Amino acid sequence: MYTTKTACKLIFGLCFFVLVTQEQLSAQIVIGTPNLGFSQACASESFNTYSTTFVFSPASALNASNQFTIEMSDADGDFSEATVIFTSNAGSVTSSPATLNFSLPETTAGENYKIRIKSSAPVATSSNSMAFAAYYKIQDSPFTINNLVSTAAYCAGGDYLLTIDNPGSGTNDSPLNYPSLTFNWFKETGPTTSVFVAEGLALTVTEEGTYFAETNYGTCTSDSFSNRVTITEVASGEANAGIASSLGNPFCPGSGVTTLTTLSGNSYQWFKNGAVIPEATNQMFETNESGTYAVQVDLGSCSAMGAIELVSELFDASINVSEENTIEEDESISVVVTTTANNPEFEWYLDDNLIADASEDTFEASVIGSYKVIVSETSGCIASREFTFEINEAYDPFPEVDNIPNIVSPNGDGFNDTWIIPTKYVTGTDTNVMIMTNRGKVVLQTDNYLNNWPENDLNLTSVNQVFYYVITTSGNETKKGSITVVR
C-alpha cells in the first residue's frame, strides 16, 4: 500500500514539473535589434521627436501588464549607466512589429550613442542598435566674439586673445550661458573652407588670418556660430582698429544709446568729428548722436587707429516759431511742425499740462505761457523729438502812466529799466524833453521821446546819481523835476 501511494506522488510531481516548465518556456519572448528611423539625432527646443521600430516574438507571450522601455547608452555606447528615454503604458503595445517615439535628454552630446529595447513581463532585452550621433542643441543661434569687432591686431612677436562675448551686446544669446557646451575654433582657408584650430572658451592667436568659433555639436549642423574676426600682425606704425556699433549703423536712438567697441589694447582715446572726447578712454564708448567717431588704441610696441561714420535714424523735424514770441491781446500764433517721421503723433503742452484736444501738426496758440510739443515716430525707428517755445505779452513802449516817475533802475530786470512818462509827452505830441546832470550838462534833448532813456551806459557807480528834467509842451506848459538813477 505504501509503495503504491509513493509511486502516485512521484508521478503527480513529475507531471506538475513538466506543466510548469512548459508554461515558463511559453512565457519567454525574443526582441529584435532596434531599427533607427534616422541616421543622426540633432535635437533642439523646436524639434525633439525620434522613432525606432522593432520586432518581438511571440506576441502571445506578453503579459497584460507588460511595458516596453527604451534605454540609451552614454556617448561611448556603454549601457552600464543607461538612461531610460521612453516607457510605454502597461499593455499598450501588443503586436509586432512595433514603433515607439522618444526624445533626447538636454545633456545629450556625442557621436556613438546606442539604444536598446526592454520588456517587463516577460523580462527580455534586445541587442544594441547601431551607433549614431546625437546632440541636443540647447543654444542654436549666432553669437558674437570680440565684441562683434570684425578686425583685430597684435604687435610683431605678440598675440591676440579671442573670446566669446558674455553677455555681449544687443540680443546676443551667449552660449557661455549654457555651461555644458564646448566650443571649436576655426581659421578660414578660403571663401567657404576652414580648418580646425583648437577647442576651448578662448583662442590665443599668433598667426594672421580670419577666425571664428562654433558650438561643438559634432556632425550635426547648427546655427550656433560666431562672427568672423580678421587678425593682422603689425610690425611698426599703425594698424586698422575696427569699430562696431551695438545697435548697428545706421542706428535707432529710440532703442537707447549705441555702444561703440574697438579691438582690445592697453589704452584707448576716442574722438568725435576730430575732437578729443574727454574721459572717453575705455574699449567701449556709448553715444546716441550721429558723427564721425574715431579711436586710437595702444597695442604696446605698436598702435591702431579706426573710425566709423555713425548715422542716427532719428527723423527730421522743425517748428516755425522762435523760442521767444509775443502776442497782443486777442491775437494768436499759428504754430506748425514739419516732420519726416513715419506715422507721426503730436502732443502739445501748456505749462507742462497736456492740451487734450491738440493732436495735429498745427496748433493755434493764443494763451500766454510756456509751450512744448513732442513729435513721435510710431513705426520703424520708434523715437521722439521735443520743441519748446514761450509766448509772452507784447511789450508796450508807451503804456498809460499817470505821473512822471522820479526813480529809474536800469539793471535789466524788465521793471523800471527806462524812464516811462505819460503818453501826452512822448513822440508825436510835439513835446520837448530835456535831461541834465546835476552840473547842468545836457544828456538828452528831443522832441520825439521814445520812453527809452537811459539807452547807454551812464558810467554809474555804487552811489545813486541824480538827473534833472524839463518837459515843455507845444502849448509852453512846463514840467520840471529830478530823476534818481538806482543801480
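What follows draws every value from the coordinates through simple rules; no lab data is involved. Here the structure is a predicted model, which means the values were calculated and not measured. Every residue, glycine among them, receives a Cβ derived from its backbone with ideal geometry; neighbour counts consider all protein chains shown.
General remarks:
- For the pair Val442 and Tyr178, label points projected 7 Å from Cα toward Cβ lie 9.7 nm apart.
- Scoring 238-247, 57-66 by mean Cβ neighbours within 10 Å over their residues and listing the highest first yields 238-247, 57-66.
- Given R0 = 25 Å, the distance between the Cβ atoms of Thr83 and Gln28 translates into a calculated FRET efficiency of 0.40.
- With θ taken as phi - 60° and the Karplus curve 6.51 cos²θ - 1.76 cosθ + 1.60 applied, the whole-hertz 3J(HN,Hα) list for segment 394-402 is 4, 6, 9, x, 10, x, 7, 10, 7 Hz, x standing for glycine and proline.
- Lysine-lysine proximity count for the chain, Cα under 26 Å, sequence distance 8 or more or distinct chains: 7
- Helix-only mean residue ellipticity at 222 nm for the chain, each DSSP H run of n ≥ 4 adding -39500 (n - 2.57), per residue, nearest 500: -2000 deg cm²/dmol
- Acute angle (nearest 10 degrees) that the helix 2-26 long axis makes with the longest principal axis of the chain, alpha-carbon atoms: 40
- Selection among Val335, Asn320, Cys381 by position relative to the dipole of segment 317-393 gives Cys381 as farthest towards the positive end (Cβ unit charges, Cα centre).
- The slack between Glu328 and Ala121, meaning 0.36 nm per residue of separation minus the straight C-alpha distance, is 64.4 nm.
- Ser46/Thr292 FRET efficiency (R0 60 Å; Cβ-Cβ; nearest 0.05): 0.90
- Computed FRET value (nearest 0.05) for Thr192 with Asn216, which takes r as the C-beta separation and R₀ as 22 Å: 0.60
- The distance between label points at Ala59 and Asp417 comes to 10.5 nm (points 7 Å beyond Cα on the Cα→Cβ vector).
- Cα centre as origin, Lys/Arg/Asp/Glu Cβ charges: the chain dipole, Debye: 2960
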